[in-house]
Amino acid sequence: MSLILRIALPAPVYGLFDYLPPANISVSKLQPGQRLLAPFGRTERCGILVEIADKTAIAPDRLRAARTVLDNTPLISAEHLEYLRWVAGYYHHPEGEVLLSALPTRLRKGKSPLVPRPDKVRLEETDTETLARLKQKAPRQWQLLNWLQTREGSAAMSDLRQQFDNLHGPLRALRDKGLISLCMADDCNSTRLEQPRFSLEPEQQQAVAAVASRQPAFGAFLLDGVTGSGKTEVYLQLALQVLDQGRNVLLLVPEISLTPQLIRRVEKRLPGPLAVLHSGRSDREREQAWLLAAKGQARMLLGTRSAVLAPLPNLGLVLVDEEHDSSYKQQEGFRYSARDMALVRARRANCPVVLGSATPSLESLKNAMDGRYTWLRLTRRAGNARKPSMQLLDIRNQRLRGGLSPLLLQALDQVLSQGRQAMVFLNRRGFAPVLTCYSCGWLSDCPRCDARQTLHYRQQKLICHHCGNERPLPEQCPGCGSPELHPLGQGTEQLEQVLQQEFPEHPLVRIDRDATSGKGSLDRLLEQARDGRASLLVGTQMLAKGHHFPGVALVGMVDVDGGLFGADFRAAERMAQLIIQVAGRAGRGEHPGRVLMQTRFPDHPLLQTLVNQDYAAFAREALRERKEADLPPYSYQALIRASATKAETAETFLHQAVALVEKQAGKEIQVWGPVPAPMQKRAGKYRAHLLLQTSERQLLKRFLRDFAPALPSLPDAGRVRWSVDVDPLDLY
Ligand code: ADP
Ligand code: ZN
Ligand code: ZN
């Protein structure tokens with residue numbers, strides 16, 4: 001009797017695929033975690049061997065043989081495979097897609113793993129004479145050496161690539177001259193580690209001690225520390241202890257916090273090798289990092305969302321920075337929460353997990369209140385920094401200039417003329433969110449979405465921020481031909497223009513997705529903000545997250561009203577988090593900071609609570625409201641999404657899903673919908689969804705176990721794009 005290979009293949013189908021072993025392969029060579037090529041329809045796909053079974057439900061004449069085994073040894077360990085399967089099961093996402101999405105791009109496509117190559121550059125001894133000669137003869141080599149010197153003599157190749165184009169020539173020349181050496185992270189880490197220049201504050205010490213006392217077993221901790229209280233310092237101390245014990249550390253951060261500055265801070269303080277997984281890096285760089293982690297050569301893995309799916313054996317500590325950040329939730333395709341999976345991962349590895357934030361999610365706060373997480377508080381800013389003062393600016397009946405009130409402009413003027421830095425925050429990029437015609441009422445609607453196209457003045461374009469659809473800026477009204485079109489509202493591009501006119505003598509940097517699209521440009525701009533070269537910082541939430549700008553004395557928020565009346569029940573929580581995070585950028589150095597928020601609703605309870613009390617007071621109130629309304633975290637949800645070119649098709653499918661719920665479940669499952677999504681049409685597709693809710697997590701889990709696998713058999717399943725979103729974060 002022949003053995004059956006159960007293979008995970010990337011296909012939108014639940015379950016594994018059964019194959020016979022490839023011809024001419026000794027079955028003893030096969031192990032779960034190896035990749036194979038297998039025939040699939042008329043083509044061939046790369047999959048991962050998951051199980052070796054002795055029977056199959058497939059009829060013998062339909063059973064085919066896998067073609068080639070790609071790996072001599074498993075690419076992922078049995079333990080990691082089990083974890084990924086658990087994740088796929090929890091989210092009811094096809095196992096093949098989950099397993100394959102956990103691999104680097106090339107490996108997913110069946111390529112053989114890269115051979116490790118030097119990923120670090122180290123400066124060798126040099127003298128001023130050589131440098132002077134280089135400066136004259138080979139300015140590019142000289143620039144490179146100079147830059148390395150600012151990095152204390154060593155840097156990751158990927159950082160170099162961010163800074164310099166066409167590196168290859170100058171690098172080789174410098175190496176041939178013996179001025180630099182290229183090495184692997186492993187043997188480069190001989191540099192002496194830096195000690196912190198201060199001792200921990202008592203609250204920091206208590207936090208470190210609490211987590212350390214749980215070592216090496218599982219325990220979940222919420223590190224609830226105000227902005228600037230030294231949470232990162234706590235992570236570093238904990239990581240150092242765990243690394244010293246010979247176990248490895250996983251540190252997750254939100255997308256835009258992963259700056260070269262953070263990487264340097266980690267490298268300087270902790271023994272390596274460090275592997276960094278970041279979407280800003282090339283496929284090859286990511287693969288090198290992934291392999292380093294998978295082979296157990298990296299001691300620490302630092303990465304954004306997807307790093308929670310990367311292998312790292314011998315795990316001793318999991319850290320999640322800014323755990324409330326919504327970038328931890330993947331919002332399309334395989335919709336997982338890296339924060340939640342970090343907990344699962346730590347539990348499976350039996351090690352502590354620390355979730356840190358100045359504005360913890362209500363989910364995590366409730367867990368802390370219920371005693372499921374140990375609640376660690378840092379209530380004071382570290383060092384000499386003091387809490388910023390927050391104040392509302394009532395802009396009703398005010399004459400605004402580019403959205404800015406006279407009071408805010410005055411305050412900016414004052415701070416800037418004292419030679420200090422100021423930051424102006426608006427969570428809307430572009431010049432204006434709408435272009436309109438006063439004569440006929442024409443609006444810059446997106447042809448593919450229920451949304452407006454944003455005016456981008458510098459690019460002379462109208463661009464939809466939801467689907468990317470764009471067109472040239474019309475010279476006259478497309479509706480009536482009137483030559484006068486007017487922008488409505490403001491975006492960061494307009495703010496930049498207005499502020500430059502108001503304060504022409506103060507250098508300004510704008511930080512948003514448009515201004516930072518070039519390679520390395522975000523880091524360059526952040527550098528100018530940090531070192532004080534720019535005195536005015538303008539930006540979207542990219543500016544708000546985790547960055548440390550010691551010189552900022554004033555933060556102005558142009559519009560805090562947008563989030564006050566959102567349709568989503570999480571809108572208030574997000575707005576409160578954003579306000580506190582933005583405010584937290586002020587006064588992180590020696591001088592106290594001030595925060596001014598423009599609003600037309602100065603009496604709004606959310607604003608009042610944040611200004612007169614704090615985030616904790618807001619969170620208590622918000623949790624009380626959620627409890628009353630029976631909303632998460634007091635209930636558990638799954639969202640069934642469907643989209644189609646016709647609105648009826650999507651809704652018909654969801655009605656079939658409702659019938660299925662009624663057949664399979666009793667009253668324990670509450671059903672809301674189907675309803676059209678808040679933005680019904682997006683990128684030319686009509687979207688609808690169905691919300692399922694229960695009072696207990698186990699009820700939802702048990703129900704989905706039968707329900708999700710039955711969805712593909714619904715009559716209209718093939719006519720729509722549908723997905724299951726477990727623990728949805730937004731209802732768009
Ligand atoms: P958070 O992550 O909570 O925003 P960080 O860890 O980045 O805070 O710390 C903010 C600043 O305070 C950093 O410049 C850090 O070096 C400094 N810092 C942290 N802990 C201490 C301490 N115990 N004493 C003095 N300064 C500290
Ligand atoms: Zn018109
Ligand atoms: Zn659009």
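Explain nothing, just the number: dipole magnitude of segment 392-537 about its Cα centre with +1 on each Lys and Arg Cβ and -1 on each Asp and Glu Cβ, in debye rounded to the nearest 20.
Taking the Cα centre of segment 392-537 as origin, the dipole is about 200 debye.
To the nearest 20 Debye, how big is the dipole of segment 581-732 about its Cα centre, given +1 on the beta carbon of each Lys and Arg and -1 on that of each Asp and Glu? Could you put the intermediate results ahead of the total?
Values: 22 positive and 17 negative charges, 93 e Å.
Magnitude of the dipole: close to 440 debye.
From the Cα gyration tensor of segment 238-393, with a ≥ b ≥ c the square roots of its eigenvalues, which class applies: rounded if a/c is under 1.5, or else prolate if a/b is larger than b/c, or else oblate? Numbers along the way, then the final one.
Values: a/c = 1.44, a/b = 1.42, b/c = 1.02.
Because its axes are fairly even, with a/c under 1.5, segment 238-393 counts as rounded.
By per-residue mean of other Cβ atoms within 10 Å, what is the highest-first order of 336-346, 146-156, 678-688?
Details: 336-346: 22.4, 146-156: 16.2, 678-688: 18.0.
Per-residue mean Cβ counts within 10 Å order the peptides as 336-346, 678-688, 146-156.
Determine ³J(HN,Hα), in whole Hz, for all residues of segment 706-715 in sequence, where each value follows from phi through the Karplus function 6.51 cos²θ - 1.76 cosθ + 1.60 and θ = phi - 60°; x replaces Gly and Pro.
Per residue, the Karplus-derived 3J(HN,Hα) values read 9, 6, 4, x, 8, 4, x, 8, 5, x Hz.
For the residue pair ARG348 and SER26, what label-to-label distance in nm results when each label sits 7 Å from Cα along the Cα-to-beta-carbon direction?
For the pair ARG348/SER26, the computed spacing is 3.1 nm.
Counting DSSP beta bridges with both partners in the chain, what percentage is antiparallel, nearest 5?
Working: 59 of 110 bridges.
Counting DSSP beta bridges with both partners in the chain, the antiparallel share is about 55 percent.
Take the alpha-carbon positions of segment 302-389, form their convex hull, and give its projected area averaged over all directions (one quarter of the hull surface) in nm².
Averaged projected area of segment 302-389's Cα convex hull equals 7.6 nm².
Can you give the calculated 222 nm mean residue ellipticity of the chain, where each DSSP H run of n ≥ 4 adds -39,500 (n - 2.57) and the sum is split over every residue, rounded to the nearest 500 deg cm²/dmol?
Value at 222 nm, helices only: -9500 deg cm²/dmol.
Hand me the trypsin sites (Lys or Arg not before Pro) from segment 10-52 located in a DSSP loop with no more than 12 other Cβ atoms within 10 Å, in residue order please.
ARG42
Measure out, as a whole number of angstrom, how far apart the alpha-carbon centroids of segment 606-662 and segment 115-167 sit.
Between the Cα centres of segment 606-662 and segment 115-167 lies a distance of 52 Å.
Taking the mean number of other Cβ atoms within 10 Å as a proxy for protection, how do you rank 551-558, 701-708 from highest to lowest?
Ranked by mean Cβ neighbours within 10 Å, highest first: 551-558, 701-708.
Which FRET efficiency value, to the nearest 0.05, do you get for ARG620 and GLU124 by plugging their Cβ-Cβ distance into 1/(1 + (r/R0)^6) with R0 = 41 Å? Walk me through the numbers on the way to the answer.
Working: r = 58 Å, r/R0 = 1.42.
Approximately 0.10, to the nearest 0.05.
So, in nm, how far is label GLU44 from label SER112 when the simple model puts each one 7 Å beyond its Cα toward the Cβ?
The two pseudo-label positions are separated by 1.5 nm.
Apply the a/c threshold of 1.5 to the C-alpha gyration tensor of segment 322-471 and tell me whether it is rounded, prolate or oblate.
On the way: a/c = 2.91, a/b = 1.36, b/c = 2.14.
Note, shape of segment 322-471 comes out oblate.
Within a Cβ distance under 9 Å of SER154, other residues only, what is the Lys/Arg minus Asp/Glu net charge? Don't skip to the answer; put the middle values down first.
Details: positive: LYS120, ARG122, ARG151; negative: GLU152, GLU267.
With Lys, Arg at +1 and Asp, Glu at -1, the neighbours total +1.
Run the simple label-point estimate for SER417 and ASN612 please: 7 Å along Cα→C-beta, distance reported in nm.
3.4
Once phi is turned into ³J(HN,Hα) by the Karplus curve 6.51 cos²θ - 1.76 cosθ + 1.60 with θ = phi - 60°, what whole-Hz value does each residue of segment 297-308 show in order, with x for glycine and proline?
Once θ is set to phi - 60°, the couplings for segment 297-308 become 7, 7, 8, 9, 10, 10, x, 8, 2, 5, 4, 5 Hz.
Could you tell me which of rounded, prolate or oblate describes segment 586-627, using a ≥ b ≥ c as the square roots of the eigenvalues of the alpha-carbon gyration tensor, with rounded for a/c under 1.5 and, failing that, prolate when a/b is larger than b/c and oblate otherwise? Don't jump to the answer; show the numbers that get you there.
Working: a/c = 3.93, a/b = 1.61, b/c = 2.44.
It is oblate, given that a/c is not under 1.5 and a/b is not larger than b/c.
By the scheme Lys and Arg +1, Asp and Glu -1, what is the net charge of all other residues having a beta-carbon under 11 Å from that of ALA78?
Here the count lands on -2.
Could you work out the Rg to Rh ratio of the chain, with Rh taken as the Kirkwood radius (inverse of the mean 1/r over all Cα pairs)?
Radius of gyration over Kirkwood radius for the chain works out to 0.97.
Under Stokes-Einstein, with the Kirkwood radius over Cα pairs standing in for Rh, what whole-number D in µm²/s applies to segment 129-189 at 20 °C and 1.002 mPa s?
Diffusion coefficient, whole number: 178 µm²/s.
How many angstrom lie between the C-alpha centres of segment 471-501 and segment 670-716?
So the two Cα centres are separated by 40 Å.
Using per-residue counts of other Cβ atoms within 10 Å, averaged over each peptide, order 574-587, 626-639 from highest down.
Order by mean packing, descending: 574-587, 626-639.
Figure the gain on full extension for VAL671 and ARG705 (residue separation times 0.36 nm, minus the Cα-Cα span) and round it to one decimal in nm.
10.6 nm is the gain from fully extending VAL671 to ARG705.
Please find the FRET efficiency linking ALA212 to GLU628, where r is the Cβ-Cβ separation and R0 is fixed at 35 Å, and quote it to the nearest 0.05. Spell out each step's value before the answer.
Numbers: r = 39 Å, r/R0 = 1.12.
Calculated transfer efficiency: 0.35.
Provide the net charge surrounding LEU182, with neighbours chosen by a C-beta distance below 9 Å and charges set as Lys +1, Arg +1, Asp -1, Glu -1. Please report the intermediate quantities before stating the final value.
Details: positive: ARG117, LYS120, ARG122, ARG175; negative: ASP119.
That works out to +3.
So if the hydrodynamic radius of segment 526-599 is defined as the Kirkwood radius over C-alpha pairs, what does Stokes-Einstein give as its diffusion coefficient at 25 °C and 0.890 mPa s, in µm² per second?
188
Just to be sure I understand: if I project the alpha-carbon convex hull of segment 257-320 onto a plane and average over all orientations, what area do I get in nm²?
4.2
Can you give the Rg to Rh ratio of segment 390-463, both from alpha-carbon atoms, with Rh computed by the Kirkwood formula?
Across segment 390-463, the Cα-based Rg/Rh ratio is 1.09.
Please list the equivalent ellipsoid semi-axes of segment 1-81, computed as the square roots of five times the alpha-carbon gyration tensor eigenvalues, in descending order and whole angstrom.
Equivalent ellipsoid semi-axes, largest first: 18, 15, 13 Å.
Using the crude model of +1 on Lys and Arg Cβ and -1 on Asp and Glu Cβ, and no other charge, please compute the dipole size for the chain relative to its Cα centre, in debye to 20.
1240
Answer with one residue from LEU690, ALA529, PRO602: the one whose Cα lies farthest towards the positive end of the charge dipole of the chain, charges on Cβ with Lys, Arg +1 and Asp, Glu -1.
The one lying farthest along the dipole's positive direction is ALA529.
With unit charges on the beta carbon (Lys/Arg positive, Asp/Glu negative), name the residue among LEU236, GLN163, PRO196 whose Cα is farthest towards the positive pole of the charge dipole of segment 144-238.
Most positive-ward Cα: GLN163.
Just for the Cα atoms in segment 36-185, what are the lengths along the principal axes, largest first, rounded to whole Å?
78, 31, 23
Have a look at GLN34, THR150, LEU404 and report the one farthest towards the positive end of the charge dipole of the chain, computed about the Cα centre with Cβ charges (Lys/Arg +1, Asp/Glu -1).
After comparing all options, I get GLN34.
Rule-based calculations on the coordinates, nothing more; no lab input. Because the structure is a prediction, the values reported are computed rather than measured. Reconstructed Cβ throughout: ideal geometry from the backbone, glycine too, with neighbour counts over all protein chains shown.
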